[in-house]
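Before any comments, here is the structure.
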Amino acid sequence: MTPTLEDARRFDAEDPLSGFRDRFVAPDDEGIVAYLDGNSLGRPPKATLARLDSLVRGEWGTGLIRSWSEGWMELPVQVGDRLGAAALGAAPGQVVVADSTSVCLYKVLRAAVALRPGRTEIVTDRHNFPTDNYVVQGVADELGLAVRWIDSDPEGGVTAEELAAVLSERTAVVVLSHVAYRSAFIADMAAITELGHSCGALVVWDLCHSVGSVPVELDALGVDFAVGCTYKFLNAGPGAPAFVYVRAEHQEAFRQPIWGWMGSDLPFAMEHGYQPAAGVRRALSGTPPITGMVGVDEGVALVAEAGIDRIRAKAVELGEMVIELADEWLVPLGMRVASPRDAELRGGHVTVARADGEELSRRLIDDGVIIDFRPPDGIRIGLSPLTTSFAETWQAMDAMRRIAAEGR
């Protein structure tokens, strides 16, 4: 039976996470039917609004520069530890919040390549998110390395079999996304990490579409390095700082290329020569963005309270409803589901596609259904369990049915 709006409302009434929706700032726009783009930019938590007000009036406004020595300096590692516990399966001392995903990826990729001297290739996915591929190409160009491309299915993702076909004794580093940004395909982190290690390579994971949506066990799976953003499912705010995971066993030899004073062993000693800090702090470079950092902290707190397993369970339920409605309403109109149908292989969004997807996306947004378009023809339906209701999702799919029918 195709779910009805009444069914969707009943799902909301039974949803153990439904109360979290009221803990976010509601949009002051009656024209918004549904916000299904939290996989690009999460909604603002009310706690962040209060925390920023307290920061500006108190720690910054009254504490002034004294606040650096009264807690601000420790935030990158403290928030990193909380993030590691809540969503990454990482023990303390391995996650630090800093920079952007692009900068973090550059740092860990340069450091990883340096840990595998004499190896000449970086392996990655041709259909990975553009910034990942740009950073890989840039590092390869700087160091005279070759890029070994995997041509994965854009409506799926990289499989262990595809990776095995390109690995060799020349492979220094494997760089992949855990959840594909187009299709939401979940890569087999365990198998791929083990494969990389079997040929002596290090493995770097991009967790941008995983963190806060899909449970991750970095420590248990032996992951070497990981990076990710915080403004999607962690709801930390536009441009909020990213994070770096450096496995404990690599930290002593980890030498990232951007030597800044916050990553030195004694930042306020103002020494002429650089000596890296002990532990994961050496991944830092410049001054931590405190206003962004508190957004990460509040977002992580909500994920920790809700529980990543409950978040994942709701994401699966929302995704199953979207696919049921798509099959009933959209496929007959020439659209297709461009994400894995198996929930175990699908992250926190569902992509539907048609040749006129870009035009359909514009019309949906004009009608108050906030989604995003990914070339060449994909409409991503983002399902953020802490803020997305079943009823608004149903209404969005109903609007998509109408607009898709009008556009035929």
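The mean accessible area for residues of the stretch 92-165, using a 1.4 Å probe and ignoring ligands and nucleic acids, is 42 Å² per residue. Taking a point 7 Å out from the Cα of residue 406 in the direction of its Cβ, the residues of the stretch 25-41 whose backbone N falls within less than 16 Å of it are 31-34.
Karplus-derived 3J(HN,Hα) values for the stretch 341-355, using 6.51 cos²θ - 1.76 cosθ + 1.60 with θ = phi - 60°, are 7, 6, 4, 5, 10, 10, x, x, 8, 10, 9, 10, 9, 7, 4 Hz; glycine and proline are entered as x. Just the protein heavy atoms count here, and of the accessible area of the chain at 1.4 Å, carbon and sulfur take up 54 percent. In sequence order, the stretch 13-30 has phi-based couplings of 5, 8, 6, x, 9, 4, x, 5, 4, 6, 9, 10, 5, 7, x, 8, 7, 5 Hz under the Karplus curve 6.51 cos²θ - 1.76 cosθ + 1.60, θ = phi - 60°, and Gly or Pro positions carry x.
Reachable lysines from residue 46, Cα under 23 Å, same-chain residues fewer than 8 places away excluded? Straight-line reach from residue 46, under 23 Å: 232, 314. The label-point distance for residue 153 and residue 274, in a model that sets each label 7 Å from Cα toward Cβ, rounds to 4.4 nm. The residues of the stretch 298-408 have, on average, 36 Å² of accessible surface per residue, using a 1.4 Å probe with all protein chains present. Couplings 3J(HN,Hα) of the stretch 101-112, computed from phi: 4, 4, 5, 4, 5, 4, 4, 6, 5, 4, 5, 5 Hz, in residue order, whole Hz [Karplus 6.51 cos²θ - 1.76 cosθ + 1.60, θ = phi - 60°; x for Gly and Pro].
The Cα trace of the chain gives Rg and Dmax of 21.7, 71 Å, the first to one decimal, the second as a whole number. Across all directions, the shadow cast by the convex hull of the stretch 24-139 built on its C-alpha atoms averages 11.5 square nanometres.
Close amide H partners of residue 100, meaning residues 5 or more places away or on another chain with modelled amide H under 5 Å apart, are 242. For the stretch 114-256, the alpha-carbon coordinates run over 41, 37, 30 Å along the three principal axes, in decreasing order. Along its principal axes, the stretch 272-408 has C-alpha extents of 67, 32, 26 angstrom, given from the largest down. Subtracting the Cα-Cα distance of residue 327 and residue 146 from their residue separation scaled by 0.36 nm leaves 60.9 nm.
For residue 377, neighbours were defined as the other residues whose beta-carbon sits under 14 Å from its Cβ, and their charges (Lys and Arg +1, Asp and Glu -1) total +1. Taking only the alpha-carbon positions of the stretch 90-179 and ignoring solvent, what does the Debye formula give for the base-10 log of I(q)/I(0) at q = 0.11 Å⁻¹? One equal scatterer on each Cα of the stretch 90-179 leads to -0.32. Shape call for the stretch 335-376 from the C-alpha gyration tensor, a ≥ b ≥ c root eigenvalues: rounded (a/c under 1.5), prolate (a/b greater than b/c) or oblate? Taking the square roots of the gyration eigenvalues as a ≥ b ≥ c, the stretch 335-376 is prolate. Amide H to amide H, with H built 1.01 Å from N, residue 177 comes under 5 Å of 206, counting only residues 5 or more places away or on other chains. Look at the Cα gyration tensor of the stretch 50-91: its axes a ≥ b ≥ c give a/c of at least 1.5 with a/b at or below b/c, and that counts as oblate.
For the stretch 1-81, report the convex hull volume of the alpha-carbon atoms normalised per residue, in Å³, without decimals. Present the calculation step by step, with values, prior to reporting the outcome.
On the way: hull volume 13.5 nm³, N = 81.
Once divided by residue count, the hull of the stretch 1-81 is 167 Å³.
Once the C-beta distance of residue 30 and residue 5 is scaled by a Förster radius of 22 Å, the resulting FRET efficiency is 0.70 to the nearest 0.05.
The values are calculated or read from the model by the stated rules, or taken from the named source; none is laboratory data. Everything numeric here is computed off the predicted structure, so don't read it as measured data. Because the Cβ atoms are built from the backbone with ideal geometry, glycine has one as well, and the counts that use them run over all protein chains shown. In case anyone asks, the SASA skips ligands and DNA or RNA and just uses the protein heavy atoms, side chains included. Shrake-Rupley method; radii C 1.70, N 1.55, O 1.52, S 1.80 Å.
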